[in-house]
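Here the structure is laid out as structure tokens; the discussion comes afterwards.
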Amino acid sequence: MSENLPDTISEETIIRRCQDGDHQAFNLLVQRYQKLVYNFIYRLAPNWRDVDDLAQEVFIRVYKSISMLKEAKQFKSWLHRIVINLYYDEIRKRRRVKEVDLEDNPKIEAEVLHTASSGNNPIRSLEEKELERVLQKAMNRLSPDYKVAIMLREIQGLSYEEIAQTLKCSVGTVKSRIFRARELLKEELREYLQ
Amino acid sequence: MSCDDFKILLSAYVDGEVDPKERVEVESHLTACQSCSAELDQLYRLKELFRYLEVKEPALGFRGRLSAKLATARQDLPFWYRIKVWTSEQLPQSLVYAFLWLILIIGGTSIFLKYQPMKPFVNTAQVQSSQLEELYAEDILFEPLHLSNQGEELISFNLEATPFDDLFEEPDSGG
Ligand SMILES: [Zn+2]
């Protein structure tokens, strides 16, 4: 029965309230980050059919452990770390049960790509859609470490320092993973970069 | 530095993640090296491709479905956290804090009152024990209890066996 929270409330306050078990604050936190989390998982694994469930699992993990987050300032890195841990967990799980890899089946791939609701831009040229498809396909071929590093930078917009914090590695490692990822993407997308 | 060394720097450069010294080095190399300039163009084009990735959103009802799952997840939380969540749902936070303070004050006061009579007693005992040591040295007082030969035992025996206040009064102060 906490009082209504204004939309302008600072992130730090929201997080502190979540740590106190305030449901309304948690709802606001989900509202603010659901797109960021969902889109990130979708881009990491566009062929998984349960992105919605995985995004919800992220918020359940956040809910269970937010009381242990020491610095509200580090929430974004911490949230990304939860997503990435979940992503690696899922890769292991799916390898164990040998889930069919959809990557090389263009028909299914196209179908799955359609199930996620798109952003608010209904008029996109065929060329733009094609570029999106080839880039996503090239990223799907990257190893998880490279994929995560380049996506944290290009899709999630994190600085090298924030990525290092998220992945618990050095800025040097971040720099080199992003460089390698780009080398591989350039190779895959050669004809689109002329 | 070779062109290969510059290539790693170029990747950081397009992200604005080089320090001022590296920036100067990269830029002066670029004016002299065509291959690295071409590389830089490609990096910018690659970066631009990411703009074509639409932001995907969860389907409608995402939070509704999530809140059902959270209700289940709450059962796994530690007991103290569930209480915290429950109170924050049912009561205004200020009231919860006021209540906690009240408990703390009442609890603190009752503990204080319970142990208060011990205070002067313990202090006096300490004073007395040093006095006793002096007295031992002079072999004047407590002659019959000397049998135990242990200062501490002697004191605790005396403390337990006698009412608190009157025992340790200074002979002079009582008047
Ligand atoms: Zn060069």
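The values are calculated or read from the model by the stated rules, or taken from the named source; none is laboratory data. Note that the structure is a prediction, hence the values are computed from the model and not measured. Cβ placement follows ideal geometry from the backbone for every residue including glycine, while neighbour counts extend to all protein chains displayed. Surface accessibility is based on the protein's heavy atoms, side chains included, excluding ligands, DNA and RNA. Shrake-Rupley method; radii C 1.70, N 1.55, O 1.52, S 1.80 Å.
Legend: mean number of C-beta atoms from other chains within 10 angstrom of residue C-beta atoms, peptide B:13-25, equals 2. With all protein chains in place and a 1.4 Å probe, the accessible surface of chain A carries 47 percent carbon and sulfur. In segment A:48-89, comparing the full protein assembly with the chain on its own, the residues that lose 30 Å² or more of accessible surface at a 1.4 Å probe are A:52, A:56, A:60, A:63, A:64, A:67. If you take all C-alpha pairs in segment A:119-194, what percent of them are over 19 Å apart? Result for the distance tail: 42 percent. Comparing mean-square fluctuations of A:68, A:139, A:151 from a GNM of chain A with C-alpha springs under 10 Å, the top value falls on A:68. Summary of the geometry: segment A:156-194 and segment B:15-67, compared by the centres of their Cα atoms, lie 9 Å apart. When A:23, A:80, B:29 are compared by accessible surface with a 1.4 Å probe, the order from highest to lowest is A:23, B:29, A:80. Both chains summed, the buried accessible area for A and B stands near 5100 Å², from protein heavy atoms and a 1.4 Å probe. Would you please state the base-10 log of I(q)/I(0) at q = 0.14 1/Å for segment B:3-52, with intensities from the Debye formula using one equal scatterer on every alpha carbon? For the requested q values the scattering log ratios are -0.32. Only the Cβ atoms of Lys and Arg (+1) and of Asp and Glu (-1) were treated as charged; on that basis the dipole of chain A about its Cα centre amounts to roughly 640 debye. Over all directions, what mean area does the Cα convex hull of chain A project, stated in square nanometres? Mean shadow area of the hull around the Cα atoms is 13.1 nm². When chain A is treated as a Gaussian network with alpha carbon springs shorter than 10 Å, the biggest mean-square fluctuation among A:131, A:142, A:79 belongs to A:131. Taking every residue in B:57-69 and counting other chain Cβ atoms within 10 Å of its Cβ, the average works out to 6. The phi-based Karplus calculation (6.51 cos²θ - 1.76 cosθ + 1.60; θ = phi - 60°) puts the 3J(HN,Hα) values of segment A:82-95 at 5, 4, 5, 4, 4, 4, 5, 4, 5, 4, 4, 4, 6, 5 Hz, whole numbers, x for Gly and Pro. Within the listed set A:95, A:16, A:182, the residue fluctuating most in the Gaussian network model of chain A (springs between alpha-carbon atoms under 10 angstrom) is A:95.
With N as its number of residues, segment A:9-102 has a Cα radius of gyration that, divided by 2.2 N^0.38 Å, comes to 1.16. Excluding ligands, DNA and RNA, the accessible surface per residue across segment A:142-188 is 39 Å² with a 1.4 Å probe.
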